[in-house]
1. Could you give each residue of segment 210-224 its phi-based ³J(HN,Hα) in whole Hz, using Karplus coefficients 6.51, -1.76, 1.60 with θ = phi - 60°, and x for Gly or Pro?
2. From Cα pairs below 8 angstrom and at least 6 apart in sequence, can you work out the relative contact order of segment 12-135, rounded to a whole percent?
3. Suppose only helical runs count, i.e. DSSP H with n ≥ 4. What mean residue ellipticity at 222 nm does that imply for the chain under -39500 (n - 2.57) per run, divided by all residues and rounded to the nearest 500 deg cm²/dmol?
4. Once phi is turned into ³J(HN,Hα) by the Karplus curve 6.51 cos²θ - 1.76 cosθ + 1.60 with θ = phi - 60°, what whole-Hz value does each residue of segment 116-131 show in order, with x for glycine and proline?
5. Once amide H atoms are placed 1.01 Å from N in the peptide plane, what residues at a sequence separation of 5 or more from TYR183, or on another chain, have their amide H within under 5 Å of its amide H?
6. Largest first and to the nearest Å, give the Cα extent of the chain along each principal axis.
7. Restricting things to Cα coordinates, could you compute the convex hull volume per residue of segment 1-129 in Å³?
8. For segment 232-239, what does the Karplus curve 6.51 cos²θ - 1.76 cosθ + 1.60, with θ = phi - 60°, yield as ³J(HN,Hα) per residue in whole Hz, taken in order and with x for Gly and Pro?
Amino acid sequence: MFKCSKWAKQVLSLQRDDGSWGYFHSMSEPRKYPFTTEQALRRLAVLGFTIEDAPIKKAVAYLHDCLTGRNEMPDRKEKLHDWNIFTQLMAAAWIRRFTREDPAANAVAETWADVISRAFSSGKYDHNDYLAAYQRTFKKQARGGRLVDFVHFYIVSLVSDCLDLKTERAVFDHILCHETGIYYIYPKPLSKLPETFMSKTASLYIGAVELLTDYRRCTDKLIFVADWLNGNKINGKWDMGSEANDRIYFPLSDSWRSKDTRADDCTFRIEKLLERINSK
């Protein structure tokens, strides 16, 4: 219902012929234009775009080419990372945000699922097991880059449907209690609710929870979030306040000049989240 909004038109007007928006990597807040490719994709997903929409199909085709070596992301190679591994991870994660029908992206997901499963083979996270699994899996590609904590957007998103039930629930518990939250999404433990509901912080927190609902067999662990949300419902609606306008998750409608429109946007988003938390 927001695909014809001025926000969608703004993003789509900047898409390039190859399907990208120029540089790919940056999940930072899109306060300045032009968008990076993943900023644009995140905003379009929030506005309701799916793989059925031509701009997303075009972007996914571009990412597939980057993943399979037919194209290369134009970003400056970050020396802190094993860049080839990282770019494959980013491309696969974003492809699978929109479709699970890409064999190359699915292969990357299965590879990382195996690494994560080995890290939790004892029933809880063991960093030494993670390190050993990473080095064994990527020994031909690794060039000594920094081994990044796996609790960040790309891996959390990528493996959500690739783990056995026991491992999935252990991973989910680990993410919930992770001291620095989910990198690129929310920087605090998700087990602790935001102090103020009408805030940008609460909106980012909800964004992290939305990501976690991809772990369909673990949503029972998010009932405390549902209770918090329901406790902040007033007169049948939710209002997160003007501060929640972060150009990532909000606004959905063209303008928030009206408090009623703002509340409608917040209510639309939260009702969708509650539906996912409460689904069996």
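1. So the Karplus estimates, Gly and Pro as x, are 4, 5, 5, 5, 5, 7, 4, 8, 10, 5, 4, 6, 9, 4, 5 Hz.
2. For segment 12-135, the relative contact order is 18 percent.
3. That calculation yields -15500 deg cm²/dmol at 222 nm.
4. Coupling constants for segment 116-131: 5, 4, 5, 5, 10, 5, 8, x, 8, 5, 10, 5, 5, 5, 5, 4 Hz.
5. For TYR183, the qualifying residues are HIS152, PHE153.
6. The principal-axis extents, from largest down, are 57, 46, 31 Å.
7. Residue-normalised Cα hull volume stands at 136 Å³.
8. My calculation for segment 232-239 gives 9, 7, 10, 6, x, 9, 10, 9 Hz in order.
The values are calculated or read from the model by the stated rules, or taken from the named source; none is laboratory data. Predicted, not measured: the structure shown is a model, and the values here were computed from it. Glycine gets a Cβ as well: all are built from the backbone with ideal geometry, and neighbour counts include every protein chain shown. These accessible areas exclude ligands, DNA and RNA; they are computed on the full protein's heavy atoms, side chains included. Shrake-Rupley method; radii C 1.70, N 1.55, O 1.52, S 1.80 Å.
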